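Enquirer: Here's a structure for you.
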Amino acid sequence: MASCRESLGVQVDYVHRDEMDAEMVEATGNRLPAVLAHSGSSAFLLLDRDVISRCKGSVGDLRGRIGFYAAKLGLALPEAK
């Protein structure tokens, strides 16, 4: 079974709060943890801590929510592997 990182088909970077740039801080409102998407020169908040916590550790649920919120923002992810 593919990992979440592999199945998303996009680059995944884990960034500590001390490594966040101004764009990331603005997109998250410093509400962490969070999942952001980068498209062009913009960062978009996909999942905030409340949505992440509702996944209850399920990678499949996390993947599904990332896809759902990306689509809601008009962002297209590659087909899952």
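Enquirer: Which angle between 0 and 90 degrees, to the nearest 10, do you get for helix 59-72 versus the longest principal axis of the chain when only C-alpha atoms count?
Expert: Helix 59-72 and the main axis of the chain meet at about 60 degrees.
Enquirer: Moving to a separate point now. (i) 14.7; (ii) 13.2; (iii) 15.4: which one is Kirkwood radius over Cα pairs in Å as calculated from this entry?
Expert: Matching the structure shown: (ii).
Taken together, the values in this text are just the output of simple stated rules run on the coordinates, not laboratory data. Just so it is clear, the structure is predicted and the values come from calculations on it, not from any experiment.
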